[in-house]
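Working notes for the structure below.
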C-alpha cells in the first residue's frame, strides 16, 4: 500500500511540475511599425477629400509634432475637421504640426489599428474621426473642440518630453516581454526547489524503510 501511495504521490507531483514548467504565454501588444500601414500626409489627405488649401508655406519636418487622424473617406465630420485644419491650423500653427491620417473604412489594417490605439489610450473608439495629439484624444469633431485642439498642439510642441502614442505602445511591448522572462525564471526556480524537496523526501523514505528492515534483522 505504501508503494502505491508513493507512486500516486509521484504522479501528482510530476503532473504539477509539468504544468509549472510550461512556458507562460502572455499576449503582449505587438510592436507597431507605421511603415506597415497605409498613411497619408496632410496634402494627400486634403486631395483625397477634395479640399483645397494654400500649403505654399507649409513644410513638414522632424521637429513638428504629429497629429494622428483616423478617418473615413467621405465622412462628414472628418471633412469638417480637415476644413478646419486647412483654413485655421495651417495658417496659424503650420510650423507646429504635421498630419498623419489613416483611412479606416476601406482599409481593414487601419481599422484594426484604430481599435488598438484607442484601447491603449483608454477610449475604445470605433467611430471616426478619432484624433490623437500626444496623449490628448478627440472622439469625433465639432467647432467646440477647436480651442482644446489648439491648446493640445502648442502644449505638445513646447513640451520637453513629447508623448507619441506609437512610441509608448512599443515601449510597453518591450516591458511585457521582460515580464514574461522574469515570470518564467521565477516559476522554473520554484519548480527546481519542489523537485529537490520531493527527491529528498523520497530519499528519506527509502532510508527509513532500510532502517526498519535493518532493525528487524537485528532482532
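A compact table of results
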item: Residue within the stretch 164-179 that is outside any loop (DSSP other than H, G, I, E, B), at pLDDT 95 or above and touching a strand residue (DSSP E or B) at 6+ places or on another chain (Cβ under 6 Å) present; result: yes
item: Matching residues, the stretch 33-50, being over 17 Å from residue 97 (Cβ atoms) and in contact with a helix residue (DSSP H, G or I) (Cβ under 7 Å, 6 or more places away or on another chain); result: 37, 38, 49
item: Scope the stretch 116-144; condition within 22 Å of residue 76 (Cβ to Cβ) and crowded, with 17+ Cβ neighbours inside 10 Å; matching residues; result: 118, 125, 128, 129, 130, 131, 132, 133, 137, 138, 141
item: Number of positions in the stretch 119-138 that are touching a strand residue (DSSP E or B) at 6+ places or on another chain (Cβ under 6 Å) and more than 11 Å from residue 71 (Cα to Cα); result: 6
item: Failed item in (1) at pLDDT below 95; (2) in contact with a strand residue (DSSP E or B) (Cβ under 6 Å, 6 or more places away or on another chain), with residue 42 passing the rest; result: (1)
item: Count of the stretch 43-73 residues which are closer than 15 Å to residue 141 by Cα and exposed (fewer than 13 other Cβ atoms within 10 Å of the Cβ); result: 0
item: Selection status of residue 95, out of contact with any strand residue (DSSP E or B) (no Cβ under 7 Å at 6 or more places or on another chain), under 20 Å from residue 58 (Cβ atoms) and surrounded by fewer than 20 Cβ atoms within 10 Å (Cβ to Cβ); result: yes
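The values are calculated or read from the model by the stated rules, or taken from the named source; none is laboratory data. It should be emphasised that the depicted structure is a prediction, and the values quoted were computed from it without experimental measurement. Glycine also receives a Cβ, built like all others from the backbone with ideal geometry; neighbour counts cover every protein chain displayed.
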